[in-house]
Amino acid sequence: MAGATKPVRILRNLNAKIAALPMITTALVIFVGCTIWTIVHSFTNSRLLPKLEFVGFAQYERLWSTRRWLISIENLAYFGIGSLVFSLVIGFLLAALLDQKIRFENTVRTIILYPFALSFIVTGLVWQWILNPEFGIQHIVRSLGFENFVFDPLYNPDIVIFGVLIAGLWQGTGFIMVILLSGLRGIDGEIWKASRIDGIPKWKTYLFVVIPMMRPTFVTALVIITAGIIKVYDLVVAQTNGGPGIASEVPAKYVYDSMFRSQNLGQGFAASTMMLLSVLIVLIPWAYLEFGGRKNGK
Amino acid sequence: MDHLKKILIATTAAGAMSISSVTLATELEVTHWWTSGGEAAAVAEFAKALNEKTDHTWVDGAIAGSGGTARPIIISRILGGDPMGATQLNHGRQAEELVEAGLMLDLTDIAEEENWRDLVHPVSLLDSCTVDGRVYCVPVNIHSWQWLWLSNKAFADAGVDVPSDWFEFVEAGPALGEAGKIPLAMGQQGWQVSGAFGVINIAVGGPELWQKINVDKDAEAAASPEMLKVFDAFAQARLLSQGSNVQDWNQATNMVITDQAGGQIMGDWAQGEFQVAGEVAGEDYTCLPGLGVNEVISTGGDAFYFPKNDDPEITAAQKELASLLLSKEVQVAFNLKKGSLPVRGDVDLEAANDCMRKGLQILADGNILVSGDQVLTPDTTSQVEDLLAEFWSDNSMTPEMAQERYANIIANAD
C-alpha cells in the first residue's frame, strides 16, 4: 500500500511543483550555495580577492580577540533588547490607544506611521542633528534657561548606542503599531462585550484575553523587529559612523569594513558566519516549536 | 547583440575616420574623493586639461566622504566588471592585489617612452606604482602628513606667541582654553586620528623609531619606552582636543581658519582650504612641518590607476590621460590649487607660498620618509585606526593600554 501511494504523491500537483522549481533552484543556489561558499572561504586567508589557502580557525581566533568585534556584539545586544522591548510595548500602547474609537484616528495613524516611509539614512541624519549638542535638543533646552542641561548621547561613548536606539524606535515603532492595530481589529467585538458583562477591567482584558489571542500578530511583529535588529547598518553609518571612536560599531558594519576597507575578505566572512550562526541559534528552536510542534500535535 | 554593437562601432568609426583622421573622442569617467573646496578646485584643473588638450571628455565621478568611503566603491566597481576610465587611489599597497589579478592597465610603454623614471622625484613614488618591473599607476602629487597648522589670531587673542614647535604648542594649550578656544581641532574619523598619531610619532619619537615600527614591523620598538613617550604625547593631544566635535577634516581646518581653534595636525592638503578662504601663509596662519621638531616629510600621495578595459578606444584615451597628468603645466596648475608638491623635480613653482616653499626645501634636502600607505597593508592600517580612534574617544584608556595593543598589531602585521 505504502509503496503504491508514494509515486502518486510526488506526481500530485505536478504543475504547481514545476512552477515552484525556479524558486527552489534560486533558494538552493543563491542562499544555500552562497552561504556555503562564504563559510568555506572564512577558513582561508583571502585578502582583497577570494582564494583557497586554508588557515584553519585563524580568522575566528582573530575575530574573537578583536575589541571592535566584541564591542559590536555588545552594542547589538543592547540595541536588540532595547528595540524588541520598546517597539512592542510602545507599539502596543499606541495601538491600544488608537483602538479606543477616537476621533481623527486616520490622521494620528498616518503621523505615527510616517517615519517608516523614510530610509534609515535619512532617519540617521535627522537624529544626528537633533542630538547634536550645538543645535539640537541640548541647545534648545539651554536657550530656555537651563544652562547646565547636558544631552549629547552621540558624543558620549558610554551611551551612544541608545542615541541610535532612539532613532531606530522613532523610525520603526509606527509600523509595529499598525501591525498590532490590525491584530486588535481582528478580535471579535463579542469578546469585549462578554468581558464587560463579567465586569473585568479593561487592562485585564487586554493582558489576559486579547494579547494571547493576538499571538500570530505578535509573531509577525517579532520577526520583523528581529530581522531589523540583526541587519542594522545604515542607521549607524548615517548617524555616528561607528563613533565616537568605535563605541557604536555593529556586526554588519564590521563585516563590511573588513571586506572592503581592510581588504580582508577572510575576516569579513568569519564575522558574517558568526552572524549567521547567531541567527540560527535563535531561529532553529523557534522554528522547531512553531512548525515542528504543529505537525506532531495536529 | 554583440555583433550588432561591433558593426555599429565599426561603421561609426569608419564614418568618423573618413571625415577627419583625428583620434576619436571618448568619455572617460574618473572617480576620486576630492570633494572639499580646495580639492575640487584642484581636480577641475585635470578636467580642464583633458577637455582642452585632447578630444576626450572628463566625466567627473566624485565620491563624497573620505577615502575610506570611496575606496570600497571604487574597488567593488572594478571587481564587479564595471571599470571606470581612471581612478584616484593612494598608491602603495591598496591596489596591490588588483594589479596582481591583472585588473589594471600596464602603463610601462608610455612610462619608458617619456622616461618617467628620470622625471619623478622622489623615485620611490614611481616604485610604489611598479609591480614586477611594470608600471601601473601615475603619481600626481606628493602629500605629506607632517604639518601643524596654527591660527595666528587665536594665539594673539589668548595673549601668547605663536609656538614654534609641538612642545610650545602644548604649553600654550591652557592659555588658549582660557580664551575660549579649543587648542587642537580634530575631526573624529579614524584616519585623521591615526594620521596625527603618525605625525606625533615622527616628531616625538624620531624618524628612525617610526621606520623601525612601520617599515621593519619591529614589535619590540613598538613596545619600547621611547614609544611610550609618543603615546603620552598623543594622550596630551587628546586632552587638548576636548570639545572638538566635528567629523570631517575640512570642518576641523575651518575651526582654525575662523580662529576658534589654535591648531590642527593635518596633511598639506589643508593648505588648499586656507587658500580658498583667502588666508595668507605667515600672516593669518603658520605652518610647522614635522611639528617644528623633526623637519621630515613623508612622501606619500595620490596616484591615478587605469582599470583595464575591453574597448581599445578607451585604452588609448587612458594612456593619453596618463601622460597628461604628468605633464609640466598640469602638474603646476594642479598642485598649486591642491597645496601639494609636484612629483616632478624640474617644474618651477614661482607662485608657491610660504608653506609650500618650506615643503619644497625639505624635499630638496632629502629629508623624506615613505608614507604609511606605502608600507602597511590596509588591513594593518585599519586595525591601527580602530585602536587609535577608540583611544581618542575613551579618556579612561591609558597610554600603556594602547601601546600594548599597538605592539600586538605591529607584531602581526605583514
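Some points to look at:
- Each peptide among B:48-59, B:147-158 gets the average number of other Cβ atoms lying within 10 Å of its residues, and from highest to lowest they stand as B:147-158, B:48-59.
- Most mobile of B:Thr69, B:Thr253, B:Thr130 in a GNM of chain B (Cα contacts under 10 Å): B:Thr69
- In chain B, the longest principal axis of the Cα atoms and the axis of helix B:190-200 are about 60 degrees apart.
- Rounded to 10°, Cα long-axis angle of helix B:354-365 versus longest principal axis of chain B: 80
- Dividing the summed -39500 (n - 2.57) terms of all DSSP H runs of n ≥ 4 by the residue count of the protein assembly as shown sets its mean residue ellipticity at 222 nm at -17000 deg cm²/dmol.
- Proportion of all alpha-carbon pairs of the protein assembly as shown beyond 32 Å (%): 61
- Cβ-based exposure ranking for B:Arg117, A:Arg68, A:Arg215, in which fewest neighbours within 10 Å come first: A:Arg215, B:Arg117, A:Arg68
- Cα-Cα over 20 Å, subset of A:Lys51/A:Lys253; B:Lys48/B:Lys337; B:Lys48/B:Lys338; A:Lys101/A:Lys202; B:Lys217/B:Lys358: A:Lys51/A:Lys253; B:Lys217/B:Lys358
- B:His32, B:His121 arranged by Cβ crowding within 10 Å, fewest neighbours leading: B:His121, B:His32
- Spin-label pair B:Val131/A:Ile36, simplified geometry with 7 Å Cα→Cβ offset, distance in nm: 3.2
- Put a plus charge on the Cβ of each Lys and Arg, a minus charge on the Cβ of each Asp and Glu, and nothing anywhere else: the dipole of the protein assembly as shown about its Cα centre is then about 5080 debye.
- Relative contact order (%) - criterion: Cα under 8 Å, at least six apart; region: region A:59-297: 31
- Distant-in-sequence amide H partners of B:Asn309 (H built 1.01 Å from N, under 5 Å): none
- Value of D in µm² per second that Stokes-Einstein yields for region B:15-132, Kirkwood Rh from Cα pairs, at 37 °C (0.692 mPa s): 201
- Across region B:226-336, the fraction of Cα-Cα pairs farther apart than 24 Å, rounded to a whole number, is 48%.
- With N the number of residues in chain B, Rg(Cα) / (2.2 N^0.38 Å) evaluates to 1.04.
- In Hz, Karplus ³J(HN,Hα) per residue of region A:246-256 (6.51, -1.76, 1.60; θ = phi - 60°; x = Gly, Pro): 10, 6, 10, 5, 10, x, 4, 6, 4, 4, 4
- In sequence order, calculated HN-Hα J values of region B:84-98 (Karplus, 6.51, -1.76, 1.60; Hz; x Gly/Pro): 8, x, 7, 8, 7, 8, 7, 6, x, 8, 5, 9, 3, 6, 5
- Packing-based exposure ordering (other Cβ within 10 Å, fewest first) of B:Ile213, A:Ile102, B:Ile110: A:Ile102, B:Ile110, B:Ile213
- Note on B:Asn115 and A:Val219: the model spin-label points, each 7 Å out from Cα along the C-beta direction, lie 8.0 nm apart.
- For region B:51-57, putting each phi into the Karplus relation 6.51 cos²θ - 1.76 cosθ + 1.60 with θ = phi - 60° gives couplings of 5, 8, 8, 10, 8, 8, 10 Hz, in residue order, rounded to whole numbers and with x for Gly and Pro.
- Cβ-based net charge around B:Val215, under 14 Å, with every Lys or Arg adding one and every Asp or Glu removing one: -3
- Under a model in which nothing but the beta-carbon of Lys, Arg (+1) and Asp, Glu (-1) is charged, chain B shows a dipole of about 500 debye around its Cα centre.
- Between region B:100-160 and region A:155-234, the alpha-carbon center distance in angstrom: 57
- Chain B: angle of helix B:166-178 to the longest principal axis, Cα-based, in degrees nearest 10: 70
- Choice from B:Met227, B:Met401, B:Met255 showing the highest fluctuation, given a GNM over chain B with Cα pairs closer than 10 Å: B:Met401
- Cys residues of the protein assembly as shown counted as unpaired, since no other Cys beta-carbon is under 4.7 Å: A:Cys34
Since every read-out is calculated from the coordinates, none of them should be taken as a lab result. Predicted model, so just to flag it, every value in this text is computed and none were measured. Ideal geometry is used to build each Cβ from the backbone, glycine not excepted, and the neighbour counts take in all protein chains shown.
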